[in-house]
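The values are calculated or read from the model by the stated rules, or taken from the named source; none is laboratory data. Model, not experiment: these values are computed from the prediction. Ideal geometry is used to build each Cβ from the backbone, glycine not excepted, and the neighbour counts take in all protein chains shown. Ligands, DNA and RNA are stripped out before the accessible areas are found, and what is left, the full protein with its side chains, is counted by its heavy atoms. Shrake-Rupley method; radii C 1.70, N 1.55, O 1.52, S 1.80 Å.
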Amino acid sequence: MSRGLGDVYKRQRYYIQIVATSNKASAVERAARIRKLGLPVYIEKTQRHKSDLWRVRVGRFDSMDKARAALDKLALNSVTNGGVMTEKPAKKP
């Protein structure tokens, strides 16, 4: 069953923020450690107060249950995090 573009904009996506750091090498190292746990991890570059920050995040899960399972795995491996967050829906073109 195919979904229309409207469905893409309505779907909730979840992620877990691990850290936001001004040290890119540190972000890459943290992401590598989490990747070894078998979790989907990504680094997102942003700017805050005219400085570059790299966010290390786990996910883009399509359900809260999957996000919570990842959260449990992080806790079992002593990885601190900011909890499950909801991604803002994409803006329609």
Other residues with Cβ under 11 Å from the Cβ of Arg60 give, with Lys and Arg +1 and Asp and Glu -1, a net charge of +1
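Whenever you get a sec, line up Val56, Val19 from highest to lowest accessible area (probe 1.4 Å, protein heavy atoms).
Details: Val56 0, Val19 35 Å².
Largest accessible area first, the residues go Val19, Val56.
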Regression test value, accessible area per residue of region 14-77, probe 1.4 Å, units Å², expected 62
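How much length, in nm to one decimal, is gained on full extension between Arg13 and Asn77, taken as 0.36 nm per residue of separation minus their Cα-Cα distance? Don't skip to the end; give the middle numbers.
Values: separation 64, 0.36 × 64 = 23.04 nm, distance 2.36 nm.
So the chain would gain 20.7 nm between Arg13 and Asn77.
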Any aspartates and glutamates whose Cα falls less than 14 Å from that of Lys24, other than same-chain ones fewer than 8 residues away, would be Glu44, Asp52
The summed charge of the Ser22 Cβ neighbourhood (under 15 Å; Lys/Arg +1, Asp/Glu -1) stands at +3
